[in-house]
Amino acid sequence: MAEVSVPSSRIWPRWSGWALALGVFVLIWVAGKDLAPWAFDWPKAQTVPVARWISAFTKWLLNEATFGLFTFAELTRFIAAVIDFPYRVVLSLLSTGFLKGQGSGAVQVLPPLSWIAVIAVFAIMGAWAGGRRLALLVAACFIFIAVFGQWQSAMVTLASILVAVPLGVAGGLFLGILAWRSRLFERAIRPVLDLMQTIPVFAYLVPILFLFGFGPTAAVVATLIYAMPPMTRVTQLALARVPRELSDLGHMVGCTPRQMLWRVMVPSARDALMVGVNQVIMLSLNMVIIASMIGAGGLGFDVLAALRRLDFGAGLEAGFAIVALAIALDRLSHAVATRQGRVIGGRMVARHPYLAAALATVLIAGALGLAAPSVQTYPAAWELSTGTFWSRVVEWINVNFFDFLEAIKNAVLLNLLVPFKRFLLGLPWAGVAGLLALAGWRLGGWRLAGLTGALAVLIAVAGLWEKAMITVYLCGISTVIAMLIGLPIGILAAERDRLWTVVRVVIDTLQTLPSFVYLMPAVMLFRVGDFTAMIAVVAFAVAPAIRYTVLGLRGVDPRLIEAGRAMGCTDRQILTRIRLRLALPEILLGLNQTIMFALSMLVITALVGTRDLGQEVYIALTKADPGRGLAAGLAVAFIAIIADRLIHAGARAARARLGLGEGAA
């Protein structure tokens with residue numbers, strides 16, 4: 001007779017571990033202040049001087065590090081020169097023209113491309129990649145930039161993008177191929193990529209300034225560090241997903257390793273690789289304002305200058321110009337990724353009609369521009385501006401609703417923000433680290449428990465626990481509010497196609513707008529402080545909450561919904577007991593992205609007087625202290641990694657529990 005296995009019954013319920021841990025935590029919190037004061041405040045004498053070590057290492061790199069034939073400083077100067085040459089060429093083509101001489105005495109020997117030629121060339125690229133509609137859209141974006149007087153700044157920004165993107169794509173492709181070929185290299189580079197994506201950009205601006213100097217070259221280097229990781233990850237993933245039949249076929253026909261890589265694997269992964277190129281373009285555009293702090297100029301500098309003088313209208317116009325540039329480049333890269341090429345025979349012009357048309361347009365526009373200045377440069381008399389209108393709107397709101405806005409701000413501050421901040425600052429760091437380790441163990445096992453607990457302890461021993469708790473307080477409240485706004489909108493939009501079309505346009509625009517633009521209306525309406533920072537963070541971070549909610553709800557199998565209806569479920573029961581439960585993994589990923597967006601925005605809100613790790617990074621930037629900035633940046637990265645790993649583990653567990661996808665395997 002076959003034995004029937006009987007599932008072992010638990011002696012203790014599943015929640016008993018959490019109950020015991022929370023009991024110990026409360027005991028330490030209530031009674032441990034006198035018994036173990038080190039569990040609340042890490043002794044200053046025992047603080048690990050991470051900032052001092054990093055500063056000393058940076059000085060050593062700059063002054064003493066050598067590779068025998070050349071020093072590290074000479075290497076950075078060489079890299080700067082390699083980046084600077086193509087940047088000057090592209091900038092001359094688009095903005096300044098080719099100059100003879102230096103500084104104010106320089107003489108223009110050849111003018112830049114006329115504004116008509118630039119628009120026509122990008123429109124022809126749109127026609128080649130996506131047809132007439134894309135050509136019209138791209139042309140409209142560039143005409144918008146010209147009409148609203150942002151042409152010169154936009155061309156400076158475009159020059160940076162046109163240099164940074166190829167370098168970022170080439171570097172990411174190279175690292176991704178190495179990671180795909182070598183498991184050891186993949187393991188070594190993974191934490192480096194994590195840190196590159198989670199450390200606030202402000203944190204590594206100071207070391208870059210030391211190593212590459214102030215100017216557009218340093219800005220391009222900072223952009224590369226920020227934009228290269230997605231390309232590396234996408235390359236590795238795309239090559240790993242090439243069907244095995246194709247690689248087997250390559251081996252069967254006798255391909256060498258180089259032929260296998262460049263003639264089989266990379267062409268087969270072309271569509272996915274173009275997604276990485278698109279990501280590099282969008283992240284490079286996100287960097288334009290921060291890069292302007294170290295000499296990039298362009299539209300980013302215009303937004304930053306408008307923020308400093310609280311000119312909301314001027315900042316918004318420059319921000320919309322960045323959005324127009326982003327839309328044009330985004331649509332072009334998408335179209336190139338999906339374009340189906342075809343071989344055309346015949347003469348050179350017949351084989352490359354779009355290239356011939358672009359060259360003819362440049363030559364004709366250049367010749368006409370010599371005779372008609374309005375063809376060469378967009379006339380100032382034709383420019384429009386809505387800056388004054390937007391500034392007056394904000395002024396009108398301030399005049400008529402000042403008391404109402406102040407009442408809301410004070411109510412939220414006194415009843416929510418300040419009590420929650422005091423609560424977090426009063427918690428023992430040792431207890432919080434223990435709870436994070438327990439969460440890691442329950443969701444992902446001992447390795448995740450060790451990672452989350454160790455990162456929390458490192459923040460404490462570096463003497464940054466208090467600043468980290470202020471960061472968590474602002475990020476936590478902002479994330480909760482963003483989810484409370486995003487979830488209902490996502491639920492409504494998931495069921496209505498027309499509403500989703502409108503919402504998608506809005507959140508696409510919100511995600512393309514530079515983060516600094518969110519600060520200006522918040523500062524003008526609510527002045528500086530934590531409440532203003534929270535408003536800006538919520539506005540910036542709400543988009544992923546909406547997007548992932550819609551993605552999850554629309555991905556629910558319609559047969560399960562029909563089965564629910566057949567069983568007599570009401571609409572509310574179908575939503576709460578079927579659709580939201582099955583969409584939970586995607587909603588958790590949306591929560592993860594909302595936290596990442598909030599953390600990235602928090603560093604920028606340091607400009608409005610917060611007292612968190614972002615302020616620490618910003619002070620380090622103003623005092624040119626690389627150690628202080630990187631130490632605080634690492635602490636922000638540790639918070640991001642803890643949240644990311646725990647939520648991903650939670651999403652995997654949810655998928656396994658629901659029997660969905662890889663989590664169920």
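The values are calculated or read from the model by the stated rules, or taken from the named source; none is laboratory data. For clarity, every value in this text was computed on a predicted model and none was experimentally measured. Don't worry about glycine lacking a Cβ; one is built from the backbone with ideal geometry, like all the others, and counts go over all protein chains shown. For accessibility, only protein heavy atoms count, side chains too; no ligands or nucleic acids. Shrake-Rupley method; radii C 1.70, N 1.55, O 1.52, S 1.80 Å.
Observations, loosely collected:
- Highest average packing first - 33-42, 462-471, Cβ atoms within 10 Å: 462-471, 33-42
- Near Ile489: Cβ cut-off under 13 Å, other residues only, Lys/Arg at +1 and Asp/Glu at -1. The net charge is +2.
- Each of Leu405, Phe67, Leu370 was placed along the dipole of the chain (beta-carbon charges, centred on the mean Cα), and the one lying farthest toward the positive end is Phe67.
- Cα-based helix-to-principal-axis angle, 312-338 vs the chain, degrees rounded to 10: 90
- The distance linking segment 17-40 with segment 452-498 is 24 Å (Cα centroid to Cα centroid, whole angstrom).
- Accessible-area composition of the chain, carbon plus sulfur, in percent [1.4 Å probe]: 66
- Helix 16-35 vs. the chain, principal-axis angle (Cα, 0 to 90°, nearest 10): 90
- Remark on segment 362-477: ratio of C-alpha radius of gyration to 2.2 N^0.38 Å is 2.09.
- Residue-normalised accessible area of the chain, expressed per residue, 1.4 Å probe, Å²: 52
- Local electrostatic count at Asp644 - Lys and Arg +1, Asp and Glu -1, tallied over other residues with Cβ under 13 Å: +2
- Put simply, when 283-293, 267-277 are sorted by average Cβ atoms within 10 angstrom per residue, most first, you get 283-293, 267-277.
- Prolate/oblate/rounded label for segment 62-132 (Cα gyration tensor, a/c 1.5): oblate
- Per residue, the average separation of C-alpha pairs within less than 8 Å and at least 6 apart gives the chain a relative contact order of 18 percent.
- Projecting the Cα atoms of Tyr87, Pro112, Thr47 onto the charge dipole of segment 30-177 (Cβ charges, centred on the Cα centre) puts Pro112 farthest toward the positive pole.
- Once backbone amide H atoms are built at 1.01 Å from N, Phe98 has Val109, Leu110 as its partners under 5 Å, excluding neighbours fewer than 5 places away on the same chain.
- Net charge of neighbours whose Cβ lies under 14 Å from the Cβ of Lys44, counting Lys and Arg as +1 and Asp and Glu as -1: -1
- Correct choice for mean projected area of the Cα convex hull in nm² that was computed from the model, options (1) 41.8; (2) 47.9; (3) 38.2: (1)
- For the chain, adding -39500 (n - 2.57) for each run of n ≥ 4 DSSP H residues and dividing by the number of residues yields -24500 deg cm²/dmol at 222 nm.
- Segment 542-615-segment 63-119 distance, computed between alpha-carbon centres (Å): 46
- Cα long-axis angle, helix 72-91 against the chain (0 to 90 degrees, to the nearest 10): 50
- Ordered by solvent-accessible area of protein heavy atoms (1.4 Å probe), largest first, the residues Lys44, Lys421, Lys100 come out as Lys44, Lys100, Lys421.
- Think of each Lys and Arg Cβ as +1 and each Asp and Glu Cβ as -1; about the Cα centre, that makes the dipole of segment 573-665 roughly 420 debye.
- Cα-based reach from Lys623 at 21 Å (exclusive), listing lysines while leaving out same-chain residues under 8 positions away: Lys59, Lys467
- Cα centroid separation, segment 219-260 to segment 135-171: 28 Å.
- Each peptide in 83-94, 546-557 gets a packing score, the mean of other Cβ atoms within 10 Å over its residues, and the list from highest to lowest is 546-557, 83-94.
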